[in-house]
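For reference, the structure discussed in these notes is given below.
The numbers here are math on the coordinates, done by the rules we state, and not lab data. Small disclaimer: the values here were computed from a predicted structure and weren't measured. Note that each Cβ is placed from the backbone with ideal geometry, even for glycine, and that neighbours are counted across all protein chains shown.
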Amino acid sequence: MGDRPVQHRGTTKKAARPTLGVFKFASCDGCQLSILNLEDDLLALGQVLDIAYFPEASSEMRAGPYDIALIEGSITTPEDAHRILSVREQAKVLITIGACATAGGIQALRNWADVEAFKQVVYPSPQYIQSLSTSTPISEHVRVDFELWGCPIDKAQLLSVLTDLLAGMQPKLPTHPVCVDCKRRGIVCVMVAKGIPCLGPVTRTGCGAICPSMGRDCYGCFGPAEGTVQGPGLPPNTSSLAKEFHHGLQLIPVEVLRRFRGINGSVKPFRDESLIWEHEKRET
Amino acid sequence: MAEKKPKTRTIAVNIIARVEGEGALRVTVKDGVVQDVELRIFEPPRFFEAFLQGRHYDEVPDIVARICGICPVAYQMSAVHALEQIFGIQVTGALRDLRRLIYCGEWIESHALHVYMLQAPDFLGYDSGIAMAKDHANIVTRGLRLKKSGNAIMTLLGGRSVHPVSVKVGGFSRVPRRRELEGLKDELLWARDAAVETVRWVAGFEYPDFLPDSTFVALRSPEEYPFNEGQIVSNNGLQISAAEFEQHFFERQVSYSTALHCTLQGSSYIVGPLARLNLNHHQLLPLAKQVLEDSGLALPLRNPFHGILARSVEILYALEESLRLIERYEPPPLPAVPVVVRPGTGMACTEAPRGILYHRYRVDGDGIIREAKIVPPTSQNQGRIEQDLRLFMPRLLNLPDKKVALACERVIRCYDPCISCATHFLKLDISREGAA
């Protein structure tokens with residue numbers, strides 16, 4: 001990861017501005033909008049970075065290579081599986097932005113379904129639709145230098161990563177669970193106080209514990225936390241949380257399954273847990 | 001014997017810029033006459049209507065928000081209203097006001113983005129809002145701050161502006177205290193003045209002389225400018241409830257697009273700010289009414305390029321409405337009306353920033369979604385965009401290909417198309433056959 005940070009000295013006037021490309025695959029545009037939502041910092045960003053390719057924001061589209069490529073969206077069509085290879089070839093540093101690019105996104109719910117049947121639900125003439133049977137993260141297709149989680153990404157995290165890269169540093173973001181943020185902010189635990197099945201104990205920090213602060217359950221936008229029980233880099237204890245949902249909060253197996261099979265349902269720790277409860281569902 | 005062979009001229013633009021999502025345009029010109037206009041949406045399909053099946057009704061607002069990062073509130077609003085219809089729930093008073101308020105936030109954010117960053121560069125001759133800022137720093141800064149004021153409303157009520165988290169069937173997971181809303185007032189007062197300046201600035205642009213004959217479709221409610229309620233009406237006499245939508249509007253699939261085309265009784269029509277303003281200008285609040293009148297433009301606005309003006313007037317309206325709603329806010333006794341699940345089918349239409357957004361759901365006795373249908377605004381405008389291009393093209397044919405392509409993109413951007421929404425959009429490829 002990130003073995004080739006952008007070399008930026010910022011001393012020579014024009015030539016030194018690193019180039020940025022923003023590429024879209026299957027997605028909702030929300031993470032690209034998060035870049036435009038930088039508002040106060042957007043024009044400043046336009047000064048330190050040379051925005052060479054960002055079709056959603058600019059008609060000027062220059063060819064690569066690019067110093068930094070931001071990728072939104074997942075791979076869901078044969079054309080896109082091919083296009084990402086060419087983007088990788090043109091990018092010095094490639095960063096995925098958001099749940100779709102990092103983990104397959106909500107549209108990865110197709111991975112458990114029959115896509116031919118899906119086409120028939122949505123389209124009168126399914127034969128015109130070119131679509132792969134799966135929605136997969138960028139990392140299953142090319143080497144990814146850094147991943148930004150979130151649905152949508154947090155713009156402060158994006159700025160932090162870009163600032164690190166511009167300074168020639170390896171970007172680093174925290175991986176602890178949302179639960180810790182709630183405790184730090186003094187937010188009343190929705191699971192303990194209201195019996196709401198919250199994914200905060202196993203979900204990665206980044207949003208600032210928005211959902212519990214709004215009186216509801218975390219639903220896993222930032223993917224699995226790391227190192228909560230087993231240690232750094234290791235998956236969170238989903239099985240303990242799932243058992244609490246089932247035995248403590250009386251969720252039936254299919255309800256436990258749906259908790260884990262959501263925005264980031266295809267990423268390993270959540271996928272494995274949902275498969276366990278799919279099995280339970282069949283048994284009961 | 002020399003038979004005159006038709007000449008082919010091909011113009012190609014691969015990705016239409018400054019729109020949300022990805023698509024292309026293919027135009028065929030034969031002997032100087034426009035043959036086919038195909039707006040090709042190649043945004044990959046994401047199958048929302050299919051994977052909503054089997055999910056619990058309370059997951060729907062979180063899932064449908066992901067159809068569009070620019071207008072998630074619209075998806076959430078159409079969804080909760082359709083589901084509430086099934087469960088027999090009426091959301092009234094302060095909760096209803098808060099729903100209007102969060103929708104105002106989304107209109108302000110989405111419209112300001114389009115007016116300043118996506119469409120104004122066309123009128124001032126720049127590639128982007130960021131490039132425009134080099135010469136017009138104060139204007140772009142004003143636009144970004146205006147956009148931010150909309151985001152501030154959404155963040156306060158919804159936790160964040162992209163994919164807000166608090167909207168649920170029956171109301172919200174949390175409602176703000178009075179003083180939290182009052183905290184927005186100063187910035188919204190600044191934004192209201194900036195919105196007045198925006199309308200005046202935009203009214204001074206040079207508009208192409210283009211007056212196609214269009215059908216406008218929008219919601220209309222007796223009391224106010226429409227967000228969540230009202231009859232679906234047109235300038236040609238249509239007046240129906242959302243429940244009757246599928247009897248009048250039909251989606252058809254075309255081979256060149258992953259978005260379905262929706263027609264009204266077989267014809268194309270316009271939804272969105274221009275349609276809403278033409279059909280509801282009598283419901284504007286005093287300041288927006290006055291500023292629109294001062295612009296000297298006669299309603300109805302038939303020139304699609306005036307979409308940017310309608311959008312600017314709506315930013316001003318949304319700010320006036322926000323301030324009005326904040327002024328009268330008293331927190332409701334409960335953040336949400338309790339839900340009792342019952343099986344059934346419900347339909348609802350609300351006014352997304354880009355126009356009417358229709359949802360239909362069938363729910364079983366356990367609250368599980370058995371069927372879902374969603375008709376987004378861009379798939380409704382697609383037919384009209386193609387029609388406008390067909391009518392606008394003849395005046396462009398003497399221009400070099402690159403300029404034709406740019407002019408076509410400008411027409412398309414008038415509609416603020418959201419391709420991510422419709423896929424369930426642009427690359428320009430013009431083939432010219434014969435002398436142009």
ask   = Per residue Cα convex hull volume for chain B, in cubic angstrom?
value = 136 Å³
task = Name the residues whose placed amide hydrogens come within less than 5 Å of the amide hydrogen of residue B:36, ignoring near sequence neighbours (fewer than 5 apart) on the same chain.
result = B:28
inquiry  = For peptide A:19-31, what's the mean number of Cβ atoms from other chains within 10 Å of each residue's Cβ?
reply    = 5
remark   = Too long for a 25 Å Cα-Cα cut-off, among A:243/A:281; A:172/B:134; A:92/A:172; B:30/B:402, are A:172/B:134
ask   = What is the distance in Å between the Cα centres of the range B:61-100 and the range B:199-237?
value = 23 Å
ask   = Packing-wise, with mean Cβ within 10 Å as the measure, how do B:122-132, B:396-406, B:225-235 rank, highest first?
value = B:225-235, B:122-132, B:396-406
task = Would you work out which of B:358, B:53, A:211 lies farthest towards the positive end of the dipole of the protein assembly as shown? Charges go on Cβ: Lys and Arg +1, Asp and Glu -1.
result = A:211
message = At 15 angstrom or more along the helix axis (alpha-carbon based) and mean Kyte-Doolittle of -1.0 or higher, what helices does chain A contain? Whole DSSP H runs only.
response = A:155-166
query = Dividing the Cα radius of gyration by the Kirkwood radius, what Rg/Rh value follows for the range B:208-366?
reply = 1.02
task = Beta carbons within 10 angstrom, averaged per residue: use that to sort the peptides B:366-372, B:162-168, A:181-187, highest first.
result = B:162-168, B:366-372, A:181-187
key: Peptide A:205-217, shielding by other chains (average Cβ, 10 Å cutoff)   = 5
request  = Tally the DSSP beta bridges in the protein assembly as shown and give the antiparallel ones as a percent, rounded to 5.
outcome  = 65 percent
key: Three principal axis lengths of the protein assembly as shown [C-alpha, angstrom, descending]   = 84, 60, 54
ask   = In peptide A:67-77, what is the residue-averaged number of other protein chain Cβ atoms found within 10 Å of each Cβ?
value = 2
remark   = The equivalent-ellipsoid semi-axes of the range B:132-186, taken as the square roots of five times the Cα gyration tensor eigenvalues and listed largest first in whole Å, are 30, 14, 6
query = How big is the gap, in Å, between the Cα center of the range B:341-364 and the Cα center of the range A:159-194?
reply = 36 Å
key: Amide H within-cut-off set for residue B:371, under 5 Å, with H built and near neighbours excluded   = B:362
ask   = HN-Hα J couplings of the range B:296-302 from phi, Karplus 6.51/-1.76/1.60, θ = phi - 60°, integer Hz, Gly and Pro as x?
value = x, 7, 8, 8, x, 7, 9
